[in-house]
1. Test of understanding: in a Gaussian network model of the chain with alpha carbons linked when under 10 Å, which of ILE60, ILE71, ILE51 would top the mean-square fluctuation ranking?
2. Looking only at TYR86, TYR96, TYR73, which one moves most when the chain is put into a Gaussian network model with springs between Cα atoms under 10 Å?
3. Over segment 16-108, what is the relative contact order in whole percent, taking alpha-carbon pairs under 8 Å and six or more residues apart?
4. Starting at the first residue of segment 32-44, write each ³J(HN,Hα) from the Karplus equation 6.51 cos²θ - 1.76 cosθ + 1.60 with θ = phi - 60°, in whole Hz, x for Gly and Pro.
5. In segment 1-94, which trypsin sites (Lys or Arg not before Pro) fall in coil by DSSP and have 14 or fewer other Cβ atoms within 10 Å?
6. Rounding to the nearest 20 debye, state how big the charge dipole of segment 16-108 is about its Cα centre with +1 on each Lys and Arg Cβ and -1 on each Asp and Glu Cβ.
7. With +1 assigned to the C-beta of every Lys and Arg and -1 to the C-beta of every Asp and Glu, and no other charges, what is the dipole magnitude of segment 72-111 about the Cα centre in debye, to the nearest 20?
8. Using the Kirkwood formula on the Cα atoms of segment 37-100, what hydrodynamic radius do you get, in angstrom to one decimal?
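Values in this text are rule-based calculations from the coordinates and carry no lab data. Being a predicted model, the structure only gives us computed values, none of them experimental. No Cβ is skipped: glycine too gets one built from the backbone with ideal geometry, and neighbour counts run over all protein chains shown.
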Amino acid sequence: MTLQTELENFYGTQYYHRLPLTKIVCTDGVKFFAEKGKAFWCVDDMSIMAIKLNQPFLAITVTAKNSKAKIVYTDGNDNILKTKRYRYTTLADGEYNFYCTDDVLMLSSEY
């Protein structure tokens, strides 16, 4: 089963998990993404950028392909606020969608 397929099983959350670098908390699905995908770096990046961008709502798309990654931050209305590229990642190929609102980082399926 792929990481993307496993993430589709998350709807809502039972617990909020404090992230170490910011005041942002994450849901069970984001915690699973970080652990299973070995993507703590990605979750840290998203939480730090959420603070820096200071928007009431963020839609975040993480795309991994051929050991490279791109993270695009938008306001949810297709207005790109920031794009970051990474030359190397071990994250499984795929597109992963997140939202951040009210200092909670979540999978799009958990909204």
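1. Looking only at ILE60, ILE71, ILE51, the biggest GNM fluctuation is shown by ILE51.
2. Taking springs between Cα atoms under 10 Å, the residue moving most is TYR86.
3. Computed value for segment 16-108: 30 percent relative contact order.
4. Per residue, the Karplus-derived 3J(HN,Hα) values read 4, 4, 5, 6, 5, x, 6, 10, 4, 4, 5, 5, 4 Hz.
5. LYS23, LYS38, ARG87
6. Numbers: 13 positive and 10 negative charges, 91 e Å.
Rounded to the nearest 20 debye, it is 440 debye.
7. Working: 4 positive and 7 negative charges, 76 e Å.
For this selection, approximately 360 debye.
8. Working: mean 1/r = 0.0848 Å⁻¹.
Kirkwood hydrodynamic radius for segment 37-100: 11.8 Å.
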